[in-house]
Amino acid sequence: MNPHVVVYKKLPNELLAALRARFRVTYFEAIDETNRAAFLEAMRDADGLLGASVRLDKATLAPATRLKIVSTISVGYDTFDVDDLTERGILLAHTPGVLTETTADTIFALILATARRVVELAEFIKAGRWRHSLDESLYGVDVHSKTLGFLGMGRIGQAVARRARLGFNMTILYHNLQPVPEVETAFGARFLPLDEVLRAADFICVVLPLSPETEKLVGAREFALMRPQAIFINGSRGRIVDEAALIEALQQRKIHGAGLDVFEREPLPADSPLLAMPNVVALPHIGSATHETRLAMARLAVDNLIAGLDGERPRHLANGSVWSNRR
């Protein structure tokens, strides 16, 4: 009997057809309260899972005793208990690389939009309030030639740094687990302790994966170290930031503004104080959300799944030790 695959995210027809040509497929375009029970039941005899945006912890996956691979359509994999999957010998594949440039575009858009008050002033003119030359109270701040500080310096951080240095002549500072010599050579970046980056930068950009070590890494202490004119940008994971501390820092003008694509709770509640602040640009987690990139991510996730079920090594594994132990 062909392996059973459960898909829990909408796929392009061509990719869904490719899966159905090889496997028995149970397909859910999305998971909500109306179909969650059916989804959990389908997983019980699944050989592979393919999807995104659903938390699948140890307890949820425990009944899936035949599971060989989970392929997530995302670069992050914090919705899984990686240790549990590894212990059970289940491959966890993900999709880094293909979304790097698109996500970097989004992050730099947040930098520009927040600094130049693009959203606020677009609403200003739509409301018919532009009746004379702008008062300086509506001026923005420059981006070019300023200092951009990174928390993290992986693929996405390096792509943002390239835009900042080569396109906007920005000074690049960064804090990371270890120095990244290539970014220092290419862009004159300086590796510094966390506190020094926070104190020196005009823009603080979080480009870290979520882990137990990075959860709530940025809180009240860290915001207190930032310059009053600093703009805080988060395009990685919301739970890296203590959102209550961020709200307080903005309300008390400890920092100038924030550009956010991610939040502690998603979707962001409509009554969040962040949505009432004119100095906040908030986006609905669109980092990789272009037609081209989402198709590339889905295609890579399907390729990863097929490889794993065919006994081949998927291109990108979050727990490569499982594959090593099979050899």
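The values are calculated or read from the model by the stated rules, or taken from the named source; none is laboratory data. Every value quoted in this text rests on a predicted model; they were computed, and no experiment measured them. Quick reminder, even Gly has a Cβ in these numbers, built from the backbone with ideal geometry, and neighbours come from all protein chains shown.
Being outside any helix (DSSP H, G or I) and more than 29 Å from ARG66 (Cβ to Cβ) is the filter here, so list the residues in region 287-310 that pass it.
GLY287, SER288, ALA289, THR290
Among the residues of region 279-297, how many are over 17 Å from LEU92 (Cβ atoms) and out of contact with any strand residue (DSSP E or B) (no Cβ under 9 Å at 6 or more places or on another chain)?
Number of matching residues: 13.
Check off (1) touching a Ser or Thr at 6+ places or on another chain (Cβ under 7 Å); (2) surrounded by fewer than 14 Cβ atoms within 10 Å (Cβ to Cβ) for ASN325 and give me the number that stays unchecked.
(1)
From the residues in region 67-108 that are among the small types (Gly, Ala, Ser) and touching a helix residue (DSSP H, G or I) at 6+ places or on another chain (Cβ under 9 Å), which one is surrounded by the most Cβ atoms within 10 Å (Cβ to Cβ)?
SER71
Would you confirm, using the coordinates I've provided, whether ALA17 is farther than 28 Å from ALA289 by Cα and exposed (fewer than 14 other Cβ atoms within 10 Å of the Cβ)?
Answer is no for this residue.
Answer yes if at least one residue in region 255-269 is within 22 Å of ARG155 (Cα to Cα), among the aliphatic types (A, V, I, L, M) and assigned to a loop (DSSP other than H, G, I, E, B), and no otherwise.
Yes, some residue in region 255-269 is within 22 Å of ARG155 (Cα to Cα), among the aliphatic types (A, V, I, L, M) and assigned to a loop (DSSP other than H, G, I, E, B).
Within the set of pairs 6 or more residues apart or between chains, which connect a residue that is without any contact (Cβ under 8 Å) to a residue 12 or more places away in the chain inside region 207-231 to a residue that is surrounded by 15 or more Cβ atoms within 10 Å (Cβ to Cβ) with Cβ atoms less than 9 Å apart?
These pairs meet every condition: ARG221/ALA245.
For region 308-327, name all the residues that are free of Cβ contacts under 8 Å to residues at least 12 places away in the same chain and out of contact with any helix residue (DSSP H, G or I) (no Cβ under 6 Å at 6 or more places or on another chain).
If the condition is that a residue be free of Cβ contacts under 8 Å to residues at least 12 places away in the same chain and out of contact with any helix residue (DSSP H, G or I) (no Cβ under 6 Å at 6 or more places or on another chain), then ASP310, GLY311, GLU312, GLY320, SER324, ARG327 are the ones that fit.
Just wondering, is there one or more residues in region 41-64 that are closer than 27 Å to SER145 by Cβ, out of contact with any helix residue (DSSP H, G or I) (no Cβ under 6 Å at 6 or more places or on another chain) and β-branched (Val, Ile, Thr)?
So far as region 41-64 goes, no, none of its residues is closer than 27 Å to SER145 by Cβ, out of contact with any helix residue (DSSP H, G or I) (no Cβ under 6 Å at 6 or more places or on another chain) and β-branched (Val, Ile, Thr).
Could you tell me how many of the residues in region 118-129 are free of Cβ contacts under 8 Å to residues at least 40 places away in the same chain and either outside any helix (DSSP H, G or I) or under 30 Å from LEU210 (Cα atoms) (or both)?
Qualifying residue count for the region: 3.
Can we say ARG117 is under 30 Å from LYS146 (Cα atoms) and over 21 Å from the mean Cα position of the chain (by Cα)?
In short, yes.
Restricting the search to region 298-318, which residues are farther than 11 Å from LEU91 by Cβ, within 22 Å of the chain's Cα centre (by Cα) and of a type outside the set (Val, Ile, Thr)?
ALA298, ARG299, LEU300, ALA301, ASP303, ARG315
Which condition from (1) assigned to a strand (DSSP E or B); (2) farther than 25 Å from ASP310 by Cα; (3) polar (S, T, N, Q) is the one that SER71 breaks?
Here SER71 clears every test but (2).
Answer yes if at least one residue in region 146-167 is farther than 27 Å from THR290 by Cα, in contact (Cβ under 8 Å) with a residue 12 or more places away in the chain and either loosely packed, with under 14 Cβ neighbours inside 10 Å or not assigned by TED's automatic domain parsing to the domain that holds GLY235 (or both), and no otherwise.
The answer is no, given that none of the residues of region 146-167 is farther than 27 Å from THR290 by Cα, in contact (Cβ under 8 Å) with a residue 12 or more places away in the chain and either loosely packed, with under 14 Cβ neighbours inside 10 Å or not assigned by TED's automatic domain parsing to the domain that holds GLY235 (or both).
Based on this model, can you work out whether ASP78 counts as out of contact with any strand residue (DSSP E or B) (no Cβ under 7 Å at 6 or more places or on another chain), of a type in the set (Asp, Glu) and not in a loop (DSSP other than H, G, I, E, B)?
No.
In region 114-151, which residue that is β-branched (Val, Ile, Thr) and in contact with a strand residue (DSSP E or B) (Cβ under 7 Å, 6 or more places away or on another chain) is farthest from ASP261 (Cα to Cα)?
THR147
Quick one: would you say HIS132 is modelled with pLDDT of 95 or more and part of a loop (DSSP other than H, G, I, E, B)?
no
Taking region 224-254 only, how many residues are outside any helix (DSSP H, G or I), within 20 Å of the chain's Cα centre (by Cα) and not acidic (Asp, Glu)?
Looking only at that region, the number is 8.
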